[in-house]
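Below is one structure, written out as structure tokens; the observations come after it.
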Amino acid sequence: MTSTIKPLAPVVAACIALLLAAPASAQYFGRNKVQYKKLKFEVLKTDHFDIYHYPSEREGIDIAARMSERWRARLGRLLNHELSGRQPLVLYASHPDFEQTNVIQGELGEGTGGVTEPLRRRIVLPLGGPLADTDHVIGHELVHAYQFDITTNPNAPPGQNGAERLPLWFIEGMAEYLSIGPVDPNTAMWLRDAARPIDRKSSKDSLPSIEDLDNPKYFPYRWGQAFWAYVGGRFGDDVIGNMLRIAAAAGDTNVAIEKVLGLKTKELSDDWLASIRRSYGPVLEATTPPSETGRLVIKGEGLGGDLNVGPALSPDGRWLAFLSTRSVFSTDLFVADAATGKIVHKLTSTASDPHFSSIQFIYSAGAWDAASERIAIATITSGRAALAIFDARSGNKQREAPLTGLDEIFNPTWAPDGHAVCFTGMSGGLTDLYVYDLTAATLRRLTHDAFAELQPAWSPDGRRIAFATDRFSSDLGTLAIGAYRLALIDPDTSAIEPVRAFTNGKNINPQWTPDGRALLFISDRDGIPNVYRVSVASGDISQVTRVGTGVSGITGSSPALSVASKSGVAAFSLYEAGKYDIYITEVGRGAPPAPVTTAAGALPPLDRRSDVQALLANA
């Protein structure tokens, strides 16, 4: 790997919507959008990549460069193709920086993880913070680079180049499958939900056929990944590149299915759906329906109301703060009566209030102080990270603390005495834990490494902070990134110790019980994200929920659980019927964890002939 530092040549960005090819002498990054920061780009040259970056993100860039070369080796083998020329990769240290790019025209929403241009094949993305997220997005976008390189005819008219003619579920699903693989509890959750009978009087479910996948109601990333997992698992992953080439040439996925697989689309579709039902039927029969899991308090219904996530119960259990799209035009923070679900306040509006460009709704949630009077949230204002504090009763903003030196913050948690707030901070494309002293207005860093430190929760006695991390399962030398485990950190000394919980699957979102002796957390140890309880002293574990879909936020690592620190009741967001609802339940000691009898997080077919999983596991 060699490093060459030079300024970027001026360039006119290619517009994805119109797919305009620009002259090579016209590249200029950072024009025509609101520019909150002046970024001076340099170029890191690896064996096959030109990686554009700026000095403040260099620590994360070195890791991303190694990941990029690894992905190129994997995908070249899987798709039987050598990328032509050097691959440009433009990396930003954070999503707010990424949003001001002019490599790509048009607005980039908070949910956009990266973009790959069809003709120039430039990949543009923000570093993800946790290394697993950065690795996944680089892999996903590099699949697109391969798709465009394999199928593009330089003489074709704009919008008619190979892969651009194919449906999103085919293209995006392939990128998800090749970058995640066939074991994915998040996508499996969607499949199990659709495989459930619609009601007790009928065996009919809501699984879509392959022909249905063109309907935008079926999220192309999840359903497309499931399609390719089935095709790769049944026929072998070597068929994927052939299907891409034939489908792009014909502009028709049915042609590729018939020529490569020897089946009509309907026949393949029927086989696929039958495989889903066989795989997940026993799982659903052995689990608890959502209606028996707790009390439904926030129900997803009406226009824009199907996303209700990031629950945060006030310590006294009276109020529930949560994130929702019920405003239709944005995702905002609401406060509801926890007993009735009636909305009391809408604290933010990123659609009508330009001051907050983001409330970090994908990886964050609100946090109550011990008196149940104030709510802290992570925000982006004028392109920079800030901590905002609201009066929960009036709904008015009390304070906003800009956090110099941090690009983004996530998931604040109050010290029990109210003097400080801990959160995950992102700097240089990596995450660490920080504490902001509200009285002195000072910021203190608790950790400083490339490991992920996520979802902190301050203990009732103030002596420890629980969090999720990959430090006990990852090897930075080989960039083998492991699943999240639970840990405790002393806020005074920064000493870290592991929590004895599951070592299979990921464990996230720790929340303290009122006595400080145990943690509730979400684990997908058997492929289904459910709530568990672990004794901090003994490591004894019990299972609190046994749902067949999943306790989940927007992504598989989003916060989805909250415990009222005085009353002890728990709130969690649950995926059901294609939407996210919020339930509240009394938390006892739970029951012994159910035995792991099947890999519920694996995508059908369970008996696979596939290379992807082995390649992804080989760091």
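The values are calculated or read from the model by the stated rules, or taken from the named source; none is laboratory data. Model, not experiment: these values are computed from the prediction. FYI the Cβ positions are ideal-geometry reconstructions off the backbone, even for glycines, and counts take in every protein chain you see. For accessibility, only protein heavy atoms count, side chains too; no ligands or nucleic acids. Shrake-Rupley method; radii C 1.70, N 1.55, O 1.52, S 1.80 Å.
Stokes-Einstein diffusion for the stretch 472-617, with the hydrodynamic radius set to the Kirkwood value over Cα pairs and evaluated at 4 °C in a medium of 1.567 mPa s, equals 78 µm²/s.
Per-residue packing, averaged as other Cβ atoms within 10 Å, sorts the ranges 118-127, 161-170, 359-368 into the order 359-368, 118-127, 161-170, beginning with the highest. Only helices at least 18 Å long along their own axis, judged from Cα atoms, and with Kyte-Doolittle mean hydropathy of -1.0 or greater: name those in the chain from DSSP H. Those that clear 18 Å and a mean of -1.0 are 58-79, 131-151, 220-235, 238-250, 265-285.
Computed over the alpha carbons of the stretch 369-445, Rg followed by Dmax gives 12.0, 37 Å.
May I ask for the percentage of alpha-carbon pairs in the stretch 96-249 that lie more than 27 Å from each other?
On the way: 3396 of 11781 pairs.
Value for the stretch 96-249: 29 percent of Cα pairs lie more than 27 Å apart.
Excluding Ile210 itself, calculate the net charge of residues whose Cβ lies under 11 Å from the Cβ of Ile210, where each Lys or Arg counts +1 and each Asp or Glu counts -1. Result for the neighbourhood of Ile210: -4. With unit charges on the beta carbon (Lys/Arg positive, Asp/Glu negative), name the residue among Ala64, Ala248, Gly418 whose Cα is farthest towards the positive pole of the charge dipole of the chain. So the residue furthest toward the plus end is Ala248. Here the relative contact order of the stretch 101-228, from alpha carbon pairs under 8 Å that lie six or more residues apart, stands at 22 percent. Can you compute the helix-only [θ] at 222 nm over the chain? Use -39500 (n - 2.57) per DSSP H run of at least 4 residues, normalise by all residues, nearest 500 deg cm²/dmol. So the helix-based figure for the chain works out to -7000 deg cm²/dmol.
For the residues Phe423, Phe472, a 1.4 Å probe over the protein chains yields an accessible-area ranking, largest first, of Phe472, Phe423.
Remark: relative contact order (the chain) = 13 percent; criterion is Cα-Cα distance under 8 angstrom and separation of 6 or more residues.
Look at the Cα gyration tensor of the stretch 311-447: its axes a ≥ b ≥ c give a/c of at least 1.5 with a/b at or below b/c, and that counts as oblate.
Of the heavy-atom accessible surface of the stretch 277-380 (probe 1.4 angstrom), what whole percent is carbon and sulfur? Don't skip to the answer; put the middle values down first.
Numbers: 2260 of 4300 Å².
Carbon and sulfur together cover 53 percent of it.
Of Trp272, Trp319, the residue with the largest accessible area leads and the full order is Trp319, Trp272 (1.4 Å probe). Annotation for the stretch 128-149 versus the stretch 256-335: alpha-carbon center distance of 25 Å. Summary value for the stretch 34-74: 31 percent relative contact order, contacts being C-alpha pairs under 8 angstrom separated by 6+ residues. Taken over the Cα atoms of the stretch 547-619, the convex hull encloses 162 Å³ per residue.
Heavy atoms only, probe 1.4 angstrom, no DNA, RNA or ligands counted: give me Glu69, Glu586, Glu107, Glu292 ranked by accessible area, highest first.
Details: Glu69 40, Glu586 140, Glu107 170, Glu292 120 Å².
Ranked from most to least accessible, the order is Glu107, Glu586, Glu292, Glu69.
The charge dipole of the chain, taken about its Cα centre with unit charges on the Cβ of Lys, Arg, Asp and Glu (plus for the first two, minus for the last two), comes to roughly 200 debye.
Counting only the Cα atoms, the chain fills a convex hull of 143 Å³ per residue. For the Cα trace of the stretch 234-290, dividing Rg by the Kirkwood Rh returns an Rg/Rh value of 1.18.
Normalised per residue, the accessible area of the chain is 39 Å², obtained with a 1.4 Å probe and no contribution from ligands, DNA or RNA.
Taking Rh as the Kirkwood radius computed over C-alpha pairs, what is the Stokes-Einstein D of the stretch 440-480 at 20 °C in a medium of viscosity 1.002 mPa s, expressed in µm² per second? Numbers along the way, then the final one.
Working: Rh = 12.3 Å.
This corresponds to a translational diffusion coefficient of 174 µm²/s.
Within 14 Å, Cβ to Cβ, of Leu166, how many net charges do the neighbouring residues add up to if Lys/Arg are +1 and Asp/Glu are -1?
Working: positive: Arg165, Arg245; negative: Glu164, Glu172, Asp214, Asp252.
So the surrounding residues net to -2.
Summing charges over neighbours of Val115, with a neighbour being any other residue whose Cβ is under 13 Å away from its Cβ, gives -2 when K and R count +1 and D and E count -1.
Taking a ≥ b ≥ c as the square roots of the eigenvalues of the Cα gyration tensor, an a/c ratio of 1.5 or more together with a/b no larger than b/c marks the stretch 410-527 as oblate.
Compute log10 of I(q)/I(0) for the stretch 576-618 with the Debye formula, placing one identical point scatterer on every Cα and leaving out solvent, at q = 0.17, 0.29, 0.31 Å⁻¹, to two decimals. For the stretch 576-618 at q = 0.17, 0.29, 0.31 Å⁻¹, log10 I(q)/I(0) is -0.87, -1.09, -1.11. Sorted on the mean count of surrounding Cβ atoms within 10 Å across their residues, most packed first, peptides 549-557, 325-333 read 549-557, 325-333.
Around the Cα centre of the stretch 490-619, unit charges on the Cβ atoms of Lys, Arg, Asp and Glu (plus for the first two, minus for the last two) sum to a dipole of about 220 debye. Kirkwood analysis of the stretch 46-162, using all unique Cα-Cα pairs, places the hydrodynamic radius at 14.6 Å. Protection proxy ranking of 494-504, 134-144, by the mean of other Cβ atoms within 10 Å over each peptide's residues and highest first, is 134-144, 494-504.
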